[in-house]
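> Here it is, the structure, as structure tokens.
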Amino acid sequence: MDIKSLSLDELKTEIGKLGEKPYRAKQLYEWMHVKLARSYDEMTNLPKSLREKLAENYEYTSLKEVTVQTSKLDGTRKFLFELPDGNFVESVWMQYHHGNSVCISSQVGCRMGCRFCASTLDGLERNLTPSEMLEQIYAISRSTGERVSNVVVMGTGEPLDNYDNLLRFIQMVTDENGLNISQRNVTVSTCGIVENMKRLADERLQITLALSLHGSTQAKRQELMPIAGKYEIDEVIDACRYYFDRTGRRVTFEYSLVGGVNDTDEDAENLCSLVGGLNCHVNLIPVNPIRERDYVESERRNVLNFQHKLEKRHINATVRREMGRDIDGACGQLRRRHAKSGQLEICPGD
């Protein structure tokens, strides 16, 4: 059993099965989720006999830091971690005026197939467990010595394709007995799995939902994102509207600007018509080019023109500040580069 994925109540039950007193569960939970212990051996106020029983009966997830790239431009750090089974994931630590933000992965690889993304080039290997998602934050906190105040589930993988593990992760990272990060400081990105967007809305959490839109029409979106073949764009926008109605939380639309593909005046007008009237924020992202695709980022003047057209229609729009551009900034680039150099094996999924 994966002990670091258990809630405090579940941990109390397991501790009881070992014949230990209930307060030991609280101590153990604190070691894992507040003190960020790497192993049972660090839990010095637990009896040695209990630590031995825990080691015999429960898996303890701890990630191995393989490499770290630090941006000379803004101090952003990109981490490559090895999972207990030998797979690898990426995470990013970013410093902002409002606090430290960590972008984590939710899967090993991805099966969504977005044309401009390096994460999906080798398919999906497997889902990450709640503990593996938490441990990305814990490992970065240990490495930097800094508290994390914002969490973005926007790295490798489609979070809503790993729904149950994602939900437990959110509950644990915001638990007052753990890191106690505010739900309002957690953002979850999705390509648009409509049924799970609605499930998440019904949880009535106070997290931010970010939809990877990237196209202003069904045809444009389908050109860039294969998932658009399953869900019509109007269906996805309706799910965003449902999310706001159920939670009261403004939806963010992620729109990667690809030069000559989705950055024209017509695209801007279509986007205004699509999301106008929604309580939303549009995050414009100059696409981060990857070697395996021939997409290029929009020219700066086109980006600013696109933003201006949205704002003229009273749609809140910002251009994302580019972080870590000099350190394999796009999702999946670092992991893939290690694979191509022979230092890391990637097993293609479905």
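> With axes computed from alpha carbons, what is the tilt in degrees of helix 8-17 against the longest principal axis of the chain, rounded to the nearest 10 within 0 to 90?
For 8-17 against the chain, the angle is about 30 degrees.
> Hey, which lysines would be in cross-link range of Lys21, C-alpha to C-alpha under 26 Å, not counting anything within fewer than 8 residues on its own chain?
Lys21 reaches Lys4, Lys12, Lys35, Lys48, Lys53.
> Oh, and also: Could you work out [θ]222 nm for the chain from helices alone, using -39500 (n - 2.57) per DSSP H run of at least four and dividing by all its residues? Round to the nearest 500 deg cm²/dmol.
-10500 deg cm²/dmol
> Which length gain, in nm to one decimal place, applies between Asn100 and Arg38 when the Cα-Cα distance is subtracted from 0.36 nm times their residue separation?
20.2 nm
> Same structure again: At a Cα cut-off below 20 Å, give the lysines reachable from Lys220, other chains included and same-chain residues fewer than 8 away excluded.
In chain and number order, the partners are Lys230, Lys309.
> Compute the label zone of Gln206 within segment 154-168: residues whose backbone N is under 20 Å from the point 7 Å along Cα-to-Cβ.
167-168
> So, one more: In whole Å and largest first, what semi-axes does the C-alpha gyration tensor of segment 120-188 yield when each eigenvalue is scaled by 5 and square-rooted?
21, 14, 11
> Let me know the charge dipole size of segment 149-280 about its Cα centre in debye, to the nearest 20, where only the beta-carbon of Lys, Arg (+1) and Asp, Glu (-1) is charged.
So the magnitude is around 460 debye.
> Treating only the Cβ of Lys, Arg, Asp and Glu as charged (+1, +1, -1, -1), what charge dipole size does the chain show about its Cα centre? Round to the nearest 20 debye.
840
> Still on this structure, I have one more. So, counting K/R as plus one and D/E as minus one, what does the shell of residues with Cβ under 14 Å around Lys21 add up to?
Neighbour charge sum, excluding Lys21 itself: +3.
> Still on this structure, I have one more. Between Thr70 and Asp164, with labels modelled 7 Å along Cα→Cβ, what's the label distance in nm to one decimal, could you check?
Those two pseudo-labels are separated by 4.2 nm.
> Let me ask another. Sort the following peptides by mean Cβ neighbour count (other Cβ atoms within 10 Å, averaged over residues), highest first: 213-219, 68-74, 196-202.
213-219, 196-202, 68-74
> How high is the relative contact order of the chain, in percent, counting Cα pairs under 8 Å that sit 6 or more residues apart?
16
> With a point put 7 Å past each Cα toward its Cβ, work out how far Glu232 is from Ser182 in nm, to one decimal.
It works out to 3.9 nm between the two label points.
> Take the Cβ-Cβ distance between Leu18 and Glu82 as r, set R0 to 35 Å, and report the resulting FRET efficiency rounded to the nearest 0.05.
0.75
> Now, a different point. Note the angle between two axes, namely the Cα long axis of helix 233-247 and the longest principal axis of the Cα atoms of the chain, as a number of degrees from 0 to 90, rounded to the nearest 10.
50
> Once the Cα atoms of the chain are picked out, what are the Rg and Dmax in Å?
That works out to 20.9, 69 Å for Rg and Dmax.
> Can you give me the C-alpha center-to-center distance between segment 1-59 and segment 132-185, rounded to a whole angstrom?
The distance from the Cα centre of segment 1-59 to that of segment 132-185 comes to 20 Å.
> Would you please state the base-10 log of I(q)/I(0) at q = 0.14, 0.16, 0.24 1/Å for segment 3-57, with intensities from the Debye formula using one equal scatterer on every alpha carbon?
Scattering profile of segment 3-57, log10 relative to I(0): -0.29, -0.39, -0.96.
> Then there's this: With labels modelled as points extended 7 Å from the Cα through the Cβ direction, what inter-label distance (nm, one decimal) is found for Thr318 paired with Arg147?
Here the answer is 2.2 nm between the modelled labels.
> Only bridges with both residues in the chain count here: give the DSSP antiparallel percent, nearest 5.
About 45 percent, rounded to the nearest 5.
> Would you tally the net charge around Arg204, using a Cβ to Cβ cut-off of less than 10 Å, leaving Arg204 out, and scoring K and R as +1, D and E as -1?
Neighbour charge sum, excluding Arg204 itself: 0.
> Could you compute the net charge surrounding Asp41? Neighbours are other residues with a C-beta less than 11 Å from the C-beta of Asp41; K and R count +1, D and E count -1.
Once all neighbours under 11 Å are counted, the net charge is +1.
> Moving on to the next point. Could you list which residues have their amide H under 5 Å from that of Phe88, counting only those 5 or more apart in sequence or on another chain, with H placed in the peptide plane?
Counting only residues 5 or more places away or on other chains, the set is Leu83.
No lab work stands behind these numbers, since they all come straight from the coordinates. Note that the structure is a prediction, hence the values are computed from the model and not measured. Here the Cβ is made from the backbone with ideal geometry for all residues, glycine too, and neighbour counts use every protein chain on show.
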